[in-house]
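Encoded as structure tokens, the structure appears first; notes follow it.
The values are calculated or read from the model by the stated rules, or taken from the named source; none is laboratory data. Worth saying up front: this structure is predicted, and the values here are computed from it rather than measured. Here Cβ is always computed from backbone atoms with ideal geometry, including for glycine, and neighbour counts include all displayed protein chains. Heads up: the accessible areas ignore ligands, DNA and RNA and are worked out on the full protein's heavy atoms, side chains in. Shrake-Rupley method; radii C 1.70, N 1.55, O 1.52, S 1.80 Å.
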Amino acid sequence: MKKQTNVFKFGGASIKDVDGIKNVAGILASRQEERIVIVISASGKTTNHLEDVMNAYFNKQADVREKIEVVRRHHFGLIDGLFEPGDEVYALVNDLFVEIDWIVEEEPKHDYDYIYDQMVSVGELLSTRIVASYLNKIGIPTAWVDARDIIRTDATYRESQILWEDTERLVETTLTPLLDAGKFVITQGFIGSTDDNQTTTLGREGSDFTAAILSYCLDAVKMIIWKDVEGVLTADPRLFKNVQKLSRLSYKEAIEMTYYGASVIHPKTIKPLQNKNIPLYVQSFIDPTIEGTYIGPDVDDHYPPIVVLERNQTLLHIATRDFSFVVEHHMAYLFKTFAELRIFINMMRNTAISFTVCVPDLPEKIEKLKAILDKEYSVTVENDMELITIRHYQEEVLKSLTKGKIVLLEERLRNTVQMVVKNIPLIERI
């Protein structure tokens with residue numbers, strides 16, 4: 001009989017500082033009798049800082065070394081707070097920074113997406129080396145595994161697709177013996193590799209997806225995402241008042257929420273779990289005693305209004321220059337162009353001679369889109385938009401969320417309203 005395994009995922013906020021790492025160690029210390037695979041993200045804002053390094057390097061800016069030093073100071077600060085001088089973790093982490101140094105020493109020889117994956121993936125390697133070393137230091141036997149040895153992908157850099165059969169085989173042959181030996185296994189979220197050992201990434205915030213992949217491959221009993229909130233909430237508490245915790249969610253509702261932009265779970269996380277009916281729990285690493293949110297197959301679909309707000313959105317109005325109708329061949333060409341540029345369409349509407357879409361504000365990609373479409377289409381850009389999605393909406397909630405805003409695009413389905421809005425100053429009498 002196959003032994004039961006759990007998969008935990010800890011995000012960057014949980015290990016952003018020395019106290020955070022000690023807290024994660026405390027959660028794990030109380031579960032040493034369990035078989036656990038631990039997926040860990042980059043510490044704190046490391047991914048953002050490595051993206052800054054990447055952009056400085058690719059754009060040949062003079063301050064690239066200074067940006068690397070920001071990342072270096074953060075990680076050696078963690079080590080200084082957790083280990084004695086001379087511990088082997090210093091050399092392990094230094095070797096990873098050497099990899100970054102090697103990249104920036106030469107002129108860019110590959111396209112942006114390829115170099116991005118080689119550089120930004122180092123964040124997860126750094127954090128997992130530190131956490132695994134600390135667990136072993138305090139007497140919790142832990143094996144560090146390079147995710148690139150078990151997560152096999154294609155070569156679509158920055159948004160790689162999983163090669164499932166190869167990944168299942170590698171996970172089984174690599175992780176199972178370590179778990180059978182009574183060790184925790186720590187590996188990285190977000191990263192994988194191709195058959196020829198080129199590092200790839202699974203998409204921004206992809207560590208949840210990594211944990212779901214491993215849960216699927218190991219037939220996990222459950223997966224837990226540890227967050228800085230009590231569970232899945234009806235809205236972001238940093239942006240809205242009176243939010244509630246959702247104690248139970250169906251797979252379907254969780255998929256809908258993530259599709260519309262809810263950031264608590266990565267959009268690709270649910271499907272691998274649903275395929276094997278593996279329950280997902282979202283719990284608080286701040287207070288692990290609080291009952292979190294259960295996500296699974298056996299949940300009734302009765303929910304209060306759930307609000308997702310996405311800022312920094314852009315409206316694109318695309319119209320044919322010859323006033324011909326926007327018909328099937330136009331739509332096929334436009335969708336193909338958006339897909340090739342990896343511009344995700346959050347909302348869309350077409351009329352006889354135009355096609356309007358709401359997309360994330362990605363100036364560089366939008367400029368490329370305009371250049372490609374310029375010959376046949378006129379493209380008008382409106383920035384500084386917000387996209388509000390309300391699941392299980394009520395009219396009073398709609399009125400509250402649109403006060404002081406102009407609605408430029410709206411779509412209503414049976415359970416969902418989406419609105420693209422822009423703030424407008426209220427007219428006041430002088």
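Out of all the residues in the range 204-231, which are touching a Lys or Arg at 6+ places or on another chain (Cβ under 7 Å) and either of a type in the set (Ser, Thr, Tyr) or at pLDDT below 95 (or both)? Matches in the range 204-231: Ser207, Tyr216, Glu230, Gly231. Could you say whether any residue in the range 28-36 is under 29 Å from Met223 (Cα atoms), aliphatic (A, V, I, L, M) and open to solvent by 30 Å² or more (accessible area, probe 1.4 Å)? Scanning the range 28-36 turns up at least one residue that is under 29 Å from Met223 (Cα atoms), aliphatic (A, V, I, L, M) and open to solvent by 30 Å² or more (accessible area, probe 1.4 Å).
Evaluate the range 88-108: report whether one residue or more is surrounded by fewer than 20 Cβ atoms within 10 Å (Cβ to Cβ), within 15 Å of Leu202 (Cα to Cα) and out of contact with any helix residue (DSSP H, G or I) (no Cβ under 7 Å at 6 or more places or on another chain). Looking through the range 88-108, none of the residues is surrounded by fewer than 20 Cβ atoms within 10 Å (Cβ to Cβ), within 15 Å of Leu202 (Cα to Cα) and out of contact with any helix residue (DSSP H, G or I) (no Cβ under 7 Å at 6 or more places or on another chain). Just to verify a result, which residue in the range 7-26, among those that are in contact with a strand residue (DSSP E or B) (Cβ under 7 Å, 6 or more places away or on another chain) and among the β-branched types (Val, Ile, Thr), is nearest to Asn136 (Cα to Cα)? Step by step, filter the range 7-26, then rank; the result is Val24.
The listed residues are Val221, Val299, Val232, Val243, and the only one of them that is aliphatic (A, V, I, L, M), free of Cβ contacts under 8 Å to residues at least 12 places away in the same chain, surrounded by 15 or more Cβ atoms within 10 Å (Cβ to Cβ) and at negative phi turns out to be Val243. For the range 378-397, a tally of residues being in contact with a helix residue (DSSP H, G or I) (Cβ under 8 Å, 6 or more places away or on another chain) and not charged (D, E, K, R) returns 4.
Has the range 38-47 got at least one residue that is part of a helix (DSSP H, G or I) and either buried (at least 17 other Cβ atoms within 10 Å of the Cβ) or free of Cβ contacts under 8 Å to residues at least 12 places away in the same chain (or both)? Taking every residue of the range 38-47 in turn, at least one turns out to be part of a helix (DSSP H, G or I) and either buried (at least 17 other Cβ atoms within 10 Å of the Cβ) or free of Cβ contacts under 8 Å to residues at least 12 places away in the same chain (or both). Note on the range 328-430: enclosed strands (runs of 3 or more DSSP E) holding 2 or more residues that are within 22 Å of Arg204 (Cα to Cα) are 354-360, 377-391.
Scanning for something open to solvent by less than 70 Å² (accessible area, probe 1.4 Å), within 19 Å of the chain's Cα centre (by Cα) and without any contact (Cβ under 8 Å) to a residue 40 or more places away in the chain, does the range 257-273 turn up at least one residue? Yes, there is a match, as at least one residue in the range 257-273 is open to solvent by less than 70 Å² (accessible area, probe 1.4 Å), within 19 Å of the chain's Cα centre (by Cα) and without any contact (Cβ under 8 Å) to a residue 40 or more places away in the chain.
Summed over the range 1-14, the residues that are polar (S, T, N, Q) and either open to solvent by 10 Å² or more (accessible area, probe 1.4 Å) or assigned to a strand (DSSP E or B) (or both) give a count of 2. Within the range 113-151, the set of residues being outside any loop (DSSP other than H, G, I, E, B), closer than 16 Å to Val39 by Cβ and not small (Gly, Ala, Ser) comprises Glu124, Leu125, Leu126, Thr128, Arg129, Ile130, Val131, Leu135, Thr142, Trp144, Arg148, Asp149. The conditions of being assigned to a helix (DSSP H, G or I), more than 21 Å from Gly11 (Cβ to Cβ) and small (Gly, Ala, Ser) are met by Ala91. Applying a threshold of 9 Å to beta carbon distances and a minimum spacing of six or more residues, or different chains, the list of pairs starting in the range 15-26 at a residue that is part of a helix (DSSP H, G or I) and ending at one that is among the acidic types (Asp, Glu) reads Val18/Asp80.
Per-residue answers, yes or no, for (1) outside any strand (DSSP E or B); (2) in contact (Cβ under 8 Å) with a residue 12 or more places away in the chain; (3) farther than 30 Å from His49 by Cβ; (4) open to solvent by less than 10 Å² (accessible area, probe 1.4 Å):
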| residue | (1), (2), (3), (4) |
| --- | --- |
| Gly182 | yes, yes, yes, no |
| Asp195 | yes, yes, yes, no |
| Thr200 | no, yes, no, yes |
| Phe209 | yes, yes, no, no |
| Asp236 | yes, yes, no, no |
| Glu253 | yes, yes, yes, yes |
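Taken over the range 156-201, the criterion of being farther than 20 Å from Arg129 by Cβ, hydrophobic (A, V, I, L, M, F, W, C) and touching a Gly at 6+ places or on another chain (Cβ under 8 Å) is satisfied by Ile162 alone. Annotation note: of Leu82, Leu96, the sole residue that is of a type in the set (A, V, I, L, M, F, W, C) and farther than 23 Å from Thr199 by Cβ is Leu82. Of all residues in the range 289-304, those being out of contact with any strand residue (DSSP E or B) (no Cβ under 6 Å at 6 or more places or on another chain), assigned to a loop (DSSP other than H, G, I, E, B) and modelled with pLDDT of 90 or more number 4. Quick check, is Arg391 touching a residue at least 60 places away in the same chain (Cβ under 8 Å), surrounded by 12 or more Cβ atoms within 10 Å (Cβ to Cβ) and more than 18 Å from Gln313 (Cα to Cα)? Yes: the conditions hold for Arg391.
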